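Nothing in this text is a laboratory measurement; each read-out follows from the coordinates by a stated rule. No experiment lies behind these values; they were computed from the predicted model shown. All Cβ positions, glycine included, derive from the backbone under ideal geometry; neighbour counts span all protein chains shown.
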């Protein structure tokens, strides 16, 4: 069943993909596990697009299927995501591409983070205001074009200025980014996939909450 879901999604078969999601939920499969399967399918779609096997229109179809699957899982953007691991602000800079950001938000939300989605074409002042309002522990910036690197850097600088206690960790991702562009922008880490972002947040969260040499935990923000 899991492999069928991945294959159905990768082949852009919307009806059968959504039916598989419903069947897995009915069989008491965890939403977070189903989300991982959908991500695997999306990764195949992305590779096919990079090889020229899929066109932009196919990526739009994949995005729609993914959004509908999230709705079935109860992880759609209209549903608040409470976070036992703290909060993360996410947003896309420079352009209107939402696919990577939405995938990131869904994975992080399922992992236990409160996801605050600032949308697309987010400006430095938007990140700065949101940091001051929400006081997150993480900020995730998505950039799909190298033309947006300067804006990404300005956004990182804006977050740093708003983070008076120097506690926020900034994650950068997107098809145009790599380790060097993330370092140039002043981010803390470059994440190739949402799973890398989850692993990074979990690792830091564990260090922040566990009191060395004791059995207790420090207060979680």
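Using the Cβ-Cβ distance between residue 50 and residue 123 with R0 set to 25 Å, the FRET efficiency works out to roughly 0.30.
Using the Kirkwood radius over C-alpha pairs as Rh, can you work out the diffusion coefficient of the range 2-73 via Stokes-Einstein at 10 °C, viscosity 1.306 mPa s, in µm² per second?
On the way: Rh = 11.9 Å.
The calculation lands on 133 µm²/s.
In terms of the mean number of neighbouring beta-carbon atoms within 10 Å, the peptides 39-49, 21-31 order highest first as 39-49, 21-31.
Global size of the range 98-152: 11.6, 33 Å for Rg and Dmax (C-alpha atoms, Rg to one decimal, Dmax whole). Any idea what diffusion coefficient the range 87-209 gets from Stokes-Einstein, in µm²/s, Kirkwood Rh on alpha carbon pairs, 4 °C, 1.567 mPa s? Rounded, D is 94 µm²/s. Contact order for the range 2-73, expressed relative to its length and based on alpha carbon pairs under 8 Å spaced 6+ residues apart, stands at 43 percent. Inter-part distance, the range 2-37 to the range 89-142, computed on C-alpha centroids, equals 26 Å. Taking the radius of gyration and the Kirkwood hydrodynamic radius from Cα positions alone, what is the Rg/Rh ratio for the chain, to two decimal places? The Rg/Rh ratio comes out at 0.98.
Axis angle, to the nearest 10 degrees, between helix 149-162 and the longest C-alpha principal axis of the chain: 50 degrees.
Build a GNM of the chain with springs between Cα atoms under 10 Å apart, and of 56, 115, 139 the one that fluctuates most is 56.
Applying 0.36 nm per residue to the separation of residue 184 and residue 166 and subtracting their alpha-carbon distance, the gain on full extension is 4.6 nm.
Using Cα pairs closer than 8 Å and at least 6 residues apart in sequence, work out the relative contact order for the range 87-209, in percent.
On the way: 225 pairs, mean separation 33.0, N = 123.
Across the range 87-209, relative contact order equals 27 percent.
Taking every alpha-carbon pair under 8 Å whose residues sit at least 6 apart, the chain reaches a relative contact order of 15 percent. Convex hull volume per residue, computed on the Cα atoms of the range 117-180, equals 81 Å³.
Only helical DSSP H runs with n ≥ 4 go in: add -39500 (n - 2.57) per run for the chain, normalise by residue count and round the 222 nm mean residue ellipticity to 500 deg cm²/dmol. List each step's numbers first, then the result.
Working: 9 runs with 121 residues, N = 221.
So the calculated ellipticity at 222 nm is -17500 deg cm²/dmol.
Comparing 158, 130, 15 in a Gaussian network model of the chain where C-alpha atoms under 10 Å apart are linked, the largest mean-square fluctuation is found at 15.
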